[in-house]
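Everything on this sheet refers to the single structure shown next.
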Amino acid sequence: MAKSGPLEIIEGFYLAHIINHFFQNGVLEQLTGERDASEIAGEFGYDHELFDALLDFAYQATDILIRNRSGRYLLNPKYQRYYSLGFQLDKFISSYGPPLAQLEQSLCSKTLGRQLVNRKVEARAYHTIGSPPNPLVIEIIQELKLHSLLDLGCGPATILTELCKADPMFRAWGVDESSAMCKVAQERIARADLAKRIRIIHADARNLGTHLRPQVRQSIEALQSKGLFNELFRYGNEEAIKYLLRLKKWFPGRLLFIVDYYGKLTHVSNIAAKYRHTLIHDVIQVITAQGIPPSDLKGWGAVYAAADCSIEHAFEGDSQGIEWFVHLVRL
C-alpha cells in the first residue's frame, strides 16, 4: 500500500474538514454546475473568495468535484448516491470521528473512545441506506423453511422486516443497545405494519438471557449476528468465546448466521492497497474498544472451536475494500 508523507497527511486533514462541512450543511447538493460559486456563497453567508478557494482545493486534490467549461463546480455523479459519499462521511467522520478528534481522552479512558461516538448520526446513516440485509442469509433461511429469527445487533431491523414481508408465518426479534437505532427500527416496523410479528428489545445483546423468557427462546429457530461479533475482540478471543458459550446455553443446537469481516490492522504484515477501507474500519474498531477481529477463516474457526461450536458452511467475498463473510455456525 502506498504510504503517505507529511503533505498527504495535512492535505487529508484539510479535505476531511472541508468536504464533511459542505456535506453536512447541504452545500454539496447545491453544486450542480448551474450557478457560480459566488452565488452559492451568498446564499450561505460565506466569504465568496474563501469559498471559491476551498472548492478549487477540493477539485484539485480529489475527484469529488468536477469543474465544467463555465468554471462552475458540480458534484461528481458517481458520488451523488448517499452510500458513495454521504454515508461514509456520516459514519467515519460525523459518527466515529469524535473519538479521534478527542484522541487524548480516547487514549486514557477505560472505554477508550466508545462513549464519544455520535449514535444519533450513526442510526440516521444506517436508516438512510436501509442497512441492506445479506441476500445469502435470506436465501438460506427460506430454503431451510425457517419461520423465526433473532437478530443480535439488529440495527434498523431491515432483515426482520424483509423476512416477515415474504412469509406471513414469520416471527422475529431484534436486539440493539443503541436507543437511537431501536427507534429507527421501530419506525420501520410500524411503517410496514409488522409490529405484531416483530419485537425490538433495547438491550446489550450480550445480556440477552434476562430479556427473553425461556418459552420465547425455545420458539426461536435461528439467530443472526451482523457486525456484532467484531465488537468482542478487545481482549483477544476471550469475550467472543464467552458470548458464544452463553448463546449455546440459551439457544442450544440453533443455527447462528455470523455476517462479519476479516480484520487486517495489527494482524497482517503487508496489507494490500485494496483494503484501505478495512484499515479505516479497523481504526474505529480499536478506538471504540471493540478490538480487531481475526483476519481469516482459521482465526474465526478457532473461536468457534473454543466454544464447542461447529462451522457448517463459510461463504466469503470481497466488496468495497472489505473482505466479508457469512459463517453458518451450529451452537
Go through [x] 103, 42, 33; [y] 67, 47, 35; [z] 83, 52, 37 and flag the label whose value is the computed Cα extents along the principal axes in Å for this structure. [y]
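Counting other C-beta atoms within 10 Å, and keeping those with at most 15, which DSSP coil GluC sites (Glu not before Pro) do you find in region 22-112? Display every interim value, and only then the final one.
Working: sites: E29, E34, E39, E43, E49, E104; in loops: E34.
Answer by residue number: E34.
Tell me the trypsin sites (Lys or Arg not before Pro) within region 269-331 that lie in a loop according to DSSP and have at most 15 other beta-carbon atoms within 10 Å. Walk me through the intermediate numbers first.
On the way: sites: K274, R276, K298, R330; in loops: none.
Of the trypsin sites (Lys or Arg not before Pro), not one in the loops of region 269-331 has a Cβ with at most 15 other Cβ atoms within 10 Å.
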Angle in degrees between helix 297-306 and the longest Cα principal axis of the chain, rounded to the nearest 10: 40
Net charge dipole size for the chain [Lys, Arg +1 and Asp, Glu -1 on Cβ; Debye, nearest 20]: 1420
What lysines does K120 reach when the alpha-carbon gap must be under 19 Å and sequence neighbours fewer than 8 apart in one chain are set aside? K91, K183
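Under 15 Å from the Cβ of R124, count the other residues' Cβ atoms, weight Lys and Arg +1, Asp and Glu -1, and hand me the total.
Values: positive: K91, R119, K120, K183, R188; negative: D90, E122, D176, E187.
Local net charge: +1.
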Pick from K78, K242, K165: which residue has the top mean-square fluctuation in a GNM of the chain where Cα pairs under 10 Å get a spring? K78
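Could you list, in their original order, any pairs among K226/K249; K248/K298; K264/K298; K196/K242 whose Cα atoms are separated by more than 24 Å? Present the calculation step by step, with values, prior to reporting the outcome.
On the way: K226/K249 20 Å; K248/K298 21 Å; K264/K298 14 Å; K196/K242 33 Å.
Those over the limit are K196/K242.
If the only charges are +1 at each Lys and Arg Cβ and -1 at each Asp and Glu Cβ, what is the size of the charge dipole of region 1-130 around the Cα centre, to the nearest 20 debye? Present the calculation step by step, with values, prior to reporting the outcome.
Working: 13 positive and 15 negative charges, 159 e Å.
That gives a dipole near 760 debye.
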Relative to the longest principal axis of the chain, what angle (0 to 90°, nearest 10) does the C-alpha long axis of helix 238-250 take? 50
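When Rg is the radius of gyration of the Cα atoms in region 52-169 and Rh is its Kirkwood radius, what does Rg/Rh come to?
1.14
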Distance between region 285-331 and region 199-248 - C-alpha centres, whole angstrom: 15
Put +1 on the Cβ of every Lys and Arg and -1 on every Asp and Glu Cβ in the chain; which of G227, F13, I200 then has its Cα farthest towards the positive end of the dipole? I200
Return the single residue from L65, L244, L163 with maximal mean-square fluctuation; model: Gaussian network over the chain, springs between Cα atoms under 10 Å. L65
Comparing I271, I159, I241, which has the greatest mean-square fluctuation in the GNM of the chain with Cα pairs linked when under 10 Å apart? I271
If I fit a long axis through the Cα atoms of helix 276-287 and take the longest principal axis of the Cα atoms of the chain, what angle between them do I get, 0 to 90°, rounded to 10? 70
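Suppose we keep just the DSSP beta bridges with both residues in the chain; what percent of those would be antiparallel, to 5?
For the chain, the DSSP antiparallel bridge percentage is about 50.
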Would you work out which of T158, G174, I138 lies farthest towards the positive end of the dipole of region 131-248? Charges go on Cβ: Lys and Arg +1, Asp and Glu -1. G174
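Read-outs: derived from the displayed coordinates by stated rules, not from any lab. Keep in mind the model is a prediction, meaning the values are calculated, not measured. Here the Cβ is made from the backbone with ideal geometry for all residues, glycine too, and neighbour counts use every protein chain on show.
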